[in-house]
Amino acid sequence: MTATSTEATSPLSHLSGEQLDELGRELDSIRDRVFADLGERDRRYIESMIAMQRRLAASGRVLLLGSRSRPAWIAGTAALSMAKILENMEIGHNVLHGQWDWMNDPQINSSTWDWDTASTAEAWKHSHNYVHHTFTNILGKDKDLGYEIMRIDPRQKWYPVYLLQPFYNLLLMAFFEWGVALHDLDFEAIRSGKKSKAQIKRELAGIREKAKSQVVKDYIAWPLLSGLATAALDAALEARRGRSGRRRVRRRRGGLAGVLGSALRAGAGAYRSTASADATANVVRNVWAYAIIFCGHFPDQTYTFSPEEVEDESRGGWYVRQLVGAANIEGSALFHVASGNLGYQVEHHLFPDLPSTRYAEIAPQVKEICERYELPYNSGPFGQQLGMVQRTILRLALPGGRQRKKPGPYRAEEHAAA
Amino acid sequence: MAERGATPQVSLPRRRALRAVRALFSPLLPDDYLELINPLWSTRELRGRIERIEQETPDTVTVLIRPGYEWPGHLPGQYLRIGVVIDGVHHWRAYSLTSEPDRPDGCIGITPKLVDSGKVSPYLVRQARPGDVVRLGGVEGTFVLPDPAPEKLLFISAGSGITPIMSMLRSLHRADAVRDVAHIHSARTESDVIFAERLREIDRAHPGYRLGLRLSGEQGRIGPGDLDQLCPDWRSRHAFLSGPGEMLDAMGEHWERQGVAEMLNVERFQPMIGGAGGGGAGGRVRFASSGVEAECDGATPILAGGEAAGAVLPFGCRMGICHTCVGRLCSGEVRDLRTGEVHGNEGEMIRTCVNAPEGPIEIAL
């Protein structure tokens, strides 16, 4: 792809400097209006969301104490998966963005929050909040996960290792939190010597600490607790059965070993089934987070930029890059909560520190601006967006490839008709 | 980091038990779940529940608060930082404790007076209800009764300046140590006298207590010239003064001139923002992390200017006490609004609530 043809398709090319400035002012004023209106209603929302998530997590954990029962395993795993999804998406991601810092709450605050994932909050805030949200979709500068290890844009140079991309794509899907944690280390910065030894050491220690507590919690502590609970229950039931039996003396003697053996077997079984439930919940959360995040920037409609294209970028230009570099996902209210309102990826990229609940409210205003300035407003149903991303990952594993067709300026009537 | 309450005094076994099960809740704490059941159970920060609200005057109430854990105590005369949520935002203010340290019911009391233009006092005086949960920060202040209490005392208070004095009086009353106390209190009108009933009770109970009430609306304000008439032996008494800045300044000079300054203790409860510190140059503030820029005149703290320009900044007491609002100074100089002192080295941690820019500055917030 030559430089001229990119310029021809650049969504900014029809806007003058003054128009970009005006666009910047209009978007700034949307942000100001929302910030001036934040209050009790918003605080109630995030507090009740956090309370609900914790109740869900607690119920899941308690159900899984009896994970040897099939229905308890299914219900517990479902509750825990949902709790982990909400914790990462609607709560963790957004709190760490500083969306709730205006409340001045000591706990619900980007400076003190930590989340249920392998990345440390500090490293993630740097790689995500700063690097990704500032250099969004600038090839070579946006170190978002996809661009680092995969070829998702035909302008990225092809290397033979990309032949394996369809496979490690699947691995990444299942173990997303670990991929993100390693990615936050920024291997390129390490290779090029931009990071001091001390900093690398500190970051590695941070990940090790996080990884340890994650593994201990999900694969040792909770399984052990359900193992102990199950063993104790089994022993109590056995002992009672033994006492009520007619040939009490004989049963008790051979019985003690029997009771213990049976309790041990039951406990070990419970340990295994709780550990498997926790692993399942982690994988469910990972796959979901992967899907939502990959749909944010890699569907066909989104634009990428070369570093030269964004030289001397104005505030308005930055807004346009955020606008066209992201894509929304259409879905129900539940879908938006479960995706941390990242279905409003466009609005999120325009205003990363605006409380997520407000994205749906401002979406019509953003669309209206897109229509007036003849800019695209990227959006599509979940299945379609995810399908496009997967198609790109498969196609670009091989050399070559073309830019996909872009949707062009947003028109309200077209969308109404569709 | 946002300001939080003081660390509560939790028994060791309880702390140990909570630490032992921590691995189950990582990266959260068992506290995060226990607080869902009862917010007072937090072992991270001390909270309290409003037990009762008593009207003192038309614009003053006493708020009695039951702390979630045993009250660690305070010295009579000290103040407490208290955090409340108003329209979704946590706000912190300091109020003198008006209760004595060891109330039998375990409660503590503050007595806020309504400041119409304020944020927290309108909430406490008009909106707060029994059952509301508040956050309790550290207890501070050096305006305290010595232990043992001096034989001869003089209290001079004006308006809501009576609040720290009340804690002292109550504490003396409870210890039955009101031996020789002269108290001069002034309020604008009869109905503005906070604790009127309580003061009269103490007056009746202790022959050693003399209350001189002055209604400044009719009789004018108390000045140093009134002292010889109101309390002829004032020079030989340990004096505790609490009230508006002008009164403290005038009295302070008087004690100084008479050569008995060592007998005087004053409570300058409100920092003197705009006092000695006024008349600075002001300047443009750039907040490095948000990129917001704000213009502050010489009397506007960096925090207030930044908020007006739309920056989301950490804040706490807004009077230079709690250090919640600190930010690292990247460049430029600032003026301390309490003292008027100009300072600023690169990398210095600046309290944005009591400092104004002196020329253009950049701060890492």
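Summary of computed values
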| item | result |
| --- | --- |
| For chain A: relative contact order, % (alpha-carbon pairs under 8 angstrom, 6 or more apart) | 24 percent |
| Whole-number percent relative contact order across segment B:48-140, with pairs defined as alpha carbons under 8 Å at least 6 apart | 38 percent |
| Sequence-distant lysines (8 or more away, or on other chains) whose Cα lies within less than 23 Å of residue A:141 | A:125, A:157, A:194, A:195, A:197, A:406 |
| Residue A:380 long-range amide H proximity, modeled H, under 5 Å | A:328, A:329, A:330 |
| Reachable lysines from residue A:217, criterion Cα separation under 20 angstrom, eight or more residues apart if same chain | A:84 |
| Residue-averaged [θ]222 nm for chain B, counting only DSSP H segments that reach four residues, each worth -39500 (n - 2.57) | -5000 deg cm²/dmol |
| Ranking of A:262, A:226, B:11 by count of other Cβ atoms within 10 Å, fewest first | B:11, A:262, A:226 |
| Additional length obtainable on full extension of the chain from residue B:188 to residue B:257, 0.36 nm per residue less Cα span | 22.0 nm |
| Principal axis box of segment B:152-267, alpha-carbon based, largest edge first, Å | 36, 30, 23 |
| Relative contact order of segment A:123-249, defined on C-alpha pairs under 8 angstrom at six or more residues apart (%) | 17 percent |
| Pairwise centroid distance, computed over Cα atoms, of segment B:317-353 with segment A:160-201, Å | 41 Å |
| Proxy reagent accessibility, fewest Cβ within 10 Å first, across B:169, A:260, A:350 | A:260, A:350, B:169 |
| Long-range HN-HN contacts of residue B:69 with modeled amide H, under 5 Å | B:47 |
| Per DSSP, loop trypsin sites (Lys or Arg not before Pro) in segment B:38-123 with at most 10 further Cβ within 10 Å | none |
| Residue order, fewest to most beta carbons within 10 Å, for A:196, A:306 | A:196, A:306 |
| Between segment A:369-412 and segment B:1-35, the Cα center-to-center distance that results, in Å | 47 Å |
| Placed amide H near residue B:56: partners under 5 Å, 5+ positions off or other chain | B:61, B:62 |
| Segment B:172-187 versus segment B:62-83: alpha-carbon centroid distance in Å | 21 Å |
| Cα convex hull of chain B, projected area averaged across orientations, nm² | 20.8 nm² |
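Just so you know, all these numbers are worked out from the coordinates, no wet-lab data involved. Everything quoted here is computed from the prediction, not taken from an experiment. When we count neighbours, we look across all protein chains shown, and the Cβ atoms used for this are built from the backbone with ideal geometry, even at glycine.
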